[in-house]
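Read the structure below first, then the notes.
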Amino acid sequence: MLITHIIGARPQFIKAAAVSREIAKYPEIEEKIVHTGQHFDANMSEIFFQQMKIPEPDYNLEVNSLSHGAMTARMLKKIEKVLLSERPDWVVVYGDTNSTLAGALAAKKLHIKVAHVEAGLRSFNRRMPEEINRILTDKISDLLFCPTDSAVRNLQNEGIGSDHLTEIFKSGDVMQDAAIFYSKFSCKPEFEIPEKFVLATIHRAENTDDPQKLNNIFNAFQKIAEKITIILPLHPRTRKILPQEIKKISNLKLISPVGYLEMIYLLQNCELVMTDSGGLQKEAFFFQKQCITLRDETEWIELVDHGFNSVVGSDTRKILFAFSEIKEKKNDYSIDLYGNGKASERILQKLLS
């Protein structure tokens, strides 16, 4: 059996690493990795392959820095060429990026089976490009690996699987597999880290492309930074658009993106997480840290339902209130929400069945 992974963005490298590590246990499976190039900066791409010991990509398509339409179209064309040459049994796509959609489309037009890892997630906000990518990929995939019960319900509510052309399978979350495995290899970043700090990230277009929202978030950061240092790994795109006065906020430590093992170290040692990322919300839970989500909705509703996550959007007052309430929260992190590290194993068993 030949499995081809289509990956292109930082979270997908983590997910593919977990699945690839499981594939290594099966001598009858050959794998090929296609890197679209969507994340191309060394700190956003190369370091992940090095640290996580992911096999080097068999193909790097070098598609990046384009509009959504142009990027997806160019990826589609280049992926199609690869698939015509390789003719895999399965194409595996991950998450919700342009790389995800392009990989699924290219495969289905060539009548190659598609498995979508992290299927069924919904924010119910169709202004987010990620939401469109998820919905379309789920609609055309053959096998949908859902991380949670709510993801399964979302697909069932949309009628997906009722025609028996698509199979829905609850696998758990491969991100937890990765967190458990790589946590013992965490690596301290090469900069001074205070004893207590908040770990924050901001990269979603809904925040970075809206000056008012961005200003509101950093107004809250400025107030919080009066009490505790905030370490903020900055996506290159976000750094470019930040006003100079924001970059000068005292006790706000702006750093370049770090590798996965350094990010694990920061997660292990921070007091809490503040983010507009999807994956980092879960990683906060994996490392038993409270999360404040700087978006108006989340796909990971189980984290909200169980009190691990507060969704506050870009409202300065809500952000500050959530921060003030953190110390009062007493959560039981032993609950099994994401499969307890067995997702990749379940995925491979299903692909082979």
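Consider Leu199 carefully, then state whether it is closer than 29 Å to Ile335 by Cβ, crowded, with 18+ Cβ neighbours inside 10 Å, in the same structural domain as Arg127 (by TED's automatic domain parsing) and in contact with a strand residue (DSSP E or B) (Cβ under 9 Å, 6 or more places away or on another chain).
Spelling it out, it is not the case that Leu199 is closer than 29 Å to Ile335 by Cβ, crowded, with 18+ Cβ neighbours inside 10 Å, in the same structural domain as Arg127 (by TED's automatic domain parsing) and in contact with a strand residue (DSSP E or B) (Cβ under 9 Å, 6 or more places away or on another chain).
Looking at the range 249-264, which of its residues are out of contact with any strand residue (DSSP E or B) (no Cβ under 6 Å at 6 or more places or on another chain) and under 27 Å from Ser324 (Cβ atoms)?
Ile249, Ser250, Met263
Got a sec? Which of Glu262, Glu283, Glu245, Glu271 is more than 17 Å from the chain's Cα centre (by Cα), under 16 Å from Thr201 (Cα atoms) and of a type in the set (D, E, K, R)? Write out each step before concluding.
Working: Glu262 fails: more than 17 Å from the chain's Cα centre (by Cα); Glu283 fails: more than 17 Å from the chain's Cα centre (by Cα); Glu245 fails: under 16 Å from Thr201 (Cα atoms).
Within the list Glu262, Glu283, Glu245, Glu271, the selection yields Glu271.
Take Ala322 and tell me if it is modelled with pLDDT of 95 or more, within 16 Å of the chain's Cα centre (by Cα) and not acidic (Asp, Glu).
no
Would it be correct to say that Tyr338 is under 27 Å from Ile224 (Cβ atoms) and under 23 Å from the mean Cα position of the chain (by Cα)?
When the stated conditions are applied, Tyr338 does not pass them.
Let's see how each residue does on (1) over 23 Å from Glu22 (Cα atoms); (2) among the aliphatic types (A, V, I, L, M); (3) assigned to a strand (DSSP E or B); (4) in contact with a helix residue (DSSP H, G or I) (Cβ under 8 Å, 6 or more places away or on another chain):
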{"position": "Ala102", "(1), (2), (3), (4)": "yes, yes, no, yes"}
{"position": "Ala115", "(1), (2), (3), (4)": "no, yes, yes, yes"}
{"position": "Leu121", "(1), (2), (3), (4)": "yes, yes, no, yes"}
{"position": "Phe124", "(1), (2), (3), (4)": "yes, no, no, yes"}
{"position": "Glu130", "(1), (2), (3), (4)": "yes, no, no, no"}
{"position": "Lys139", "(1), (2), (3), (4)": "yes, no, no, no"}
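Looking at the range 157-174, is at least one residue within 23 Å of the chain's Cα centre (by Cα), under 28 Å from Ile335 (Cβ atoms) and part of a helix (DSSP H, G or I)?
yes
In the list Ile230, Ile249, which residue meets the criterion of being at pLDDT 95 or above, touching a helix residue (DSSP H, G or I) at 6+ places or on another chain (Cβ under 9 Å), more than 25 Å from Thr97 (Cβ to Cβ) and not in a helix (DSSP H, G or I)? Don't jump to the end; show me each part of the working.
Details: Ile249 fails: at pLDDT 95 or above.
Ile230 is the lone residue from the list that is at pLDDT 95 or above, touching a helix residue (DSSP H, G or I) at 6+ places or on another chain (Cβ under 9 Å), more than 25 Å from Thr97 (Cβ to Cβ) and not in a helix (DSSP H, G or I).
Which residue out of Glu245, Glu226 is surrounded by fewer than 16 Cβ atoms within 10 Å (Cβ to Cβ), assigned by TED's automatic domain parsing to the domain that holds Ala205, charged (D, E, K, R) and under 20 Å from Thr208 (Cα atoms)?
Exactly one of Glu245, Glu226 is surrounded by fewer than 16 Cβ atoms within 10 Å (Cβ to Cβ), assigned by TED's automatic domain parsing to the domain that holds Ala205, charged (D, E, K, R) and under 20 Å from Thr208 (Cα atoms), namely Glu245.
Within the range 136-152, restricting attention to residues that are in contact with a strand residue (DSSP E or B) (Cβ under 7 Å, 6 or more places away or on another chain) and buried (at least 24 other Cβ atoms within 10 Å of the Cβ), which residue is farthest from Gly103 (Cα to Cα)?
Cys146
For the range 48-91, enumerate the residues that are surrounded by fewer than 14 Cβ atoms within 10 Å (Cβ to Cβ), free of Cβ contacts under 8 Å to residues at least 24 places away in the same chain and under 18 Å from Ala106 (Cα atoms).
Once the filter is applied, which keeps residues that are surrounded by fewer than 14 Cβ atoms within 10 Å (Cβ to Cβ), free of Cβ contacts under 8 Å to residues at least 24 places away in the same chain and under 18 Å from Ala106 (Cα atoms), the range 48-91 yields Gly69, Ala70, Lys77, Lys81, Ser85.
Table: residues versus (1) in a loop (DSSP other than H, G, I, E, B); (2) in contact (Cβ under 8 Å) with a residue 60 or more places away in the chain; (3) under 24 Å from Asp96 (Cα atoms).
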residue	(1), (2), (3)
Leu254	no, no, no
Leu280	no, yes, yes
Glu283	no, yes, yes
Gln288	yes, no, no
Thr298	yes, yes, yes
Glu325	no, no, no
Tyr338	yes, yes, yes
Lys350	no, yes, yes
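For the range 180-234, enumerate the residues that are farther than 27 Å from Ile319 by Cα and small (Gly, Ala, Ser).
Matches in the range 180-234: Ser183, Ser186.
If you take the residues in the range 113-135 that are surrounded by fewer than 19 Cβ atoms within 10 Å (Cβ to Cβ) and within 17 Å of Leu76 (Cα to Cα), which one is modelled with the lowest pLDDT?
Per the criteria, the residue is Pro129.
Go through (1) surrounded by fewer than 17 Cβ atoms within 10 Å (Cβ to Cβ); (2) part of a helix (DSSP H, G or I); (3) among the aromatic types (Phe, Trp, Tyr) and name the single condition Tyr333 misses.
(2)
In this structure, does Glu86 turn out to be farther than 28 Å from Glu297 by Cα and modelled with pLDDT under 95?
The answer is no for Glu86.
Of the residues that sit in the range 50-80 and are within 20 Å of the chain's Cα centre (by Cα) and assigned to a helix (DSSP H, G or I), which one is farthest from Thr36 (Cα to Cα)?
Only one residue fits best here, namely Gln51.
The values are calculated or read from the model by the stated rules, or taken from the named source; none is laboratory data. Not measured: the values here are computed from a predicted model. Cβ atoms come from the backbone with ideal geometry, glycine included; neighbour counts cover every protein chain shown.
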